[in-house]
Amino acid sequence: MIERRGLRRPSLTARVLGTVLAILLVGGLLVAGSIWWNTRAAARQAYDRILFGAASDIAESIRIQQGAPVVELPVSAFELLAQAPDDRVYYAVLGPEGRLITGLGAARAIAPPTREGAEARFFDDTLDGEAARFVRVTRAFVERDFAGSVEVVVGQTLRARGAMTTGLMLDALLPMAAAGLLLTLLAALVVRSALRPLDALVADLAQRDPYDLTPMPADALPRELGVMLGAMNRFMGRLDGQVEAMRTLISDTAHQLRTPVAAIQLHGESAVEETDEAARGRALARLVARTRSLRTLLDQLLSRALVVHRTDSVPRTPVDLREVALEVMERDDHAVLAPEAELRLEIGDAPVLVRADAFSLQEAAQNLLGNALKHGAPPVAIGAAREGGRAVLWVQDSGSGPEAEVIARLGDRFNRTADSHEQGTGIGLSIVAKVASAFGGKVEMGRNAQGFRAALVLPAEEEET
């Protein structure tokens, strides 16, 4: 497989600075276009006034002598036109019927567009093949020996206008470019300063031990990074819980299996070495009993591991505790534990809803029922009811139950009954306690007039309408 080298994703700093530069570039282009338009209009307006002033001065200098217009070109007109020294100049004085009186500056006569009733008219044309700007000024005469209009046309090329436009644009754009460069540098500094906490987080994660899943401090972080770090800490907390559950399962399995496996080995060796048939039969019976106990223990350990996994990963949905009690009641497991025991189901008509995982609740109920059948006195009842804002899944037997100090230890790790070689209620009730904790509930145990009751108490879920 060919590896693609040199392809790197742009950093967050590069993305932010790229966006800032793009904004500045677009804004600069828009501002530059506006400056060009305005400076071009300002240059045109300024030099149009010069053209109009020169044409007006020439028009004012026209006199009527012996019935014909005579022009004495004023110096002031040429002084005005001299403000654009690099431009070519054109002027023409036209009498009635367009007859040229005097003129300068072009191989052909510039014919201004006709427009009746206008004193001055600006128009564009060419002067010796070069773009130029012209103005026409009309002066009317009503004399005894002359009546008519005399037109003055003055024009010049556009070099000075272009130079003025370029100068004004440079004067405006250079400071703007310097300001844009300064803003880019400031943006880079601000972005680097804002992203410095990310470097600290990266350094903290790089220096951590792979098994260190403690929360990372978020006191000095900005609010946006605090949200990200909070989500990361919650994820690390869930991961730490999974790792801790796995460690607990391994530790519990090693501790709980050591004694049964040793006892099975001992009973097997005794059965092999025993010569008396009656004694060998008793050894084999003890071996079978230990094997059954080991199977029950393995089922409980695997059930606990599965419950721990599901409570952290499976979505929670509304579950009716009455259906959980009915499901456990209809299983055949209790017939194996106590074939002769009387078992009752006590549920009402109203739903008893909680938000949880149905499988985990069934495992918890199965363990409550198994403990009651194994260690309690018949008859045994299982039921579900709503008590105010609490949803209760309970199992009750007719016995007196264990002592108070034993009840306080039920559900602890490695708990065994003191008077039996068989596995006690510790693992089963630890599953119940884990399910209760995962879904915001608790385990309640106590005596009442009917006997001993063990209950899984969870927050009730309102029925959807």
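The values are calculated or read from the model by the stated rules, or taken from the named source; none is laboratory data. On a predicted model such as this, the values are computed, not experimentally measured, just so you know. Note that we place each Cβ from the backbone using ideal geometry, even for glycine, and neighbour counts take in every protein chain shown. Please note that ligands, DNA and RNA were not included when accessible areas were found on the heavy atoms of the full protein model with its side chains. Shrake-Rupley method; radii C 1.70, N 1.55, O 1.52, S 1.80 Å.
Which is farthest toward the positive dipole end of the range 168-305 among Ser303, Leu182, Ala206, measuring Cα position about the Cα centre, with Cβ charges +1 (Lys, Arg) and -1 (Asp, Glu)?
Towards the positive end, the residue furthest out is Ser303.
Using a simple charge model, +1 on the beta-carbon of Lys and Arg, -1 on the beta-carbon of Asp and Glu, nothing else, what dipole does the chain show about its Cα centre, in debye to the nearest 20? Show your work: numbers first, answer last.
On the way: 51 positive and 59 negative charges, 248 e Å.
The dipole magnitude comes to about 1200 debye.
If I fit a long axis through the Cα atoms of helix 12-60 and take the longest principal axis of the Cα atoms of the chain, what angle between them do I get, 0 to 90°, rounded to 10?
That helix lies at roughly 10 degrees to the long axis.
Among 239-248, 433-442, how do they line up by average Cβ neighbours within 10 Å per residue, starting with the highest? All intermediate terms of the calculation are to be shown ahead of the outcome.
Values: 239-248: 13.9, 433-442: 19.0.
Top of the packing list down: 433-442, 239-248.
Can you order the peptides 388-401, 90-103 by their average number of other Cβ atoms within 10 Å per residue, highest first?
Answer by packing, highest mean first, reads 388-401, 90-103.
Probe of 1.4 angstrom, ligands and nucleic acids ignored: what's the accessible area per residue over the chain, in square angstrom?
For the chain, the solvent-accessible area averages 60 Å² per residue.
Roughly how much of Thr291 is accessible, in Å² to the nearest 10, using a 1.4 Å probe?
Its heavy atoms expose roughly 70 Å² to the probe.
I want the local charge near Arg63. Using Cβ-Cβ distances under 13 Å, sum +1 for each Lys or Arg and -1 for each Asp or Glu among the other residues.
-3
Tell me the mean residue ellipticity at 222 nm calculated for the chain from its helices only (DSSP H runs of n ≥ 4, each -39500 (n - 2.57), averaged over every residue, nearest 500).
After summing the helix terms and dividing by the residues of the chain, the value is -18500 deg cm²/dmol.
With the dipole of the chain worked out from charges on the C-beta (+1 for Lys and Arg, -1 for Asp and Glu) around the Cα centre, which of Thr19, Ala350, Gly388 lies farthest toward the positive end?
In the chain, that residue is Thr19.
Working from Cα positions, state the angle (0 to 90°, nearest 10) between the long axis of helix 223-273 and the longest principal axis of the chain.
20
Quick one: length gained pulling Leu239 to Leu173 fully straight, 0.36 nm per residue minus the C-alpha distance? Don't skip to the answer; put the middle values down first.
Values: separation 66, 0.36 × 66 = 23.76 nm, distance 5.72 nm.
So the chain would gain 18.0 nm between Leu239 and Leu173.
Measure nothing fancy, just the Cα-based angle from helix 159-207's long axis to the longest principal axis of the chain, in degrees from 0 to 90, nearest 10.
The answer is roughly 10 degrees.
Once the piece of chain linking Arg208 and Glu273 is laid out straight, how much longer is it, given 0.36 nm per residue of separation minus the C-alpha distance between them?
17.8 nm
How much length would be gained if the chain were fully extended between Trp36 and Ala82, taking 0.36 nm per residue of separation minus their Cα-Cα distance, in nm to one decimal?
Values: separation 46, 0.36 × 46 = 16.56 nm, distance 2.51 nm.
Full-extension gain reported as 14.1 nm.
Measure off, as a whole percent, the carbon and sulfur share of the 1.4 Å-probe accessible area of the chain, all protein chains present.
57
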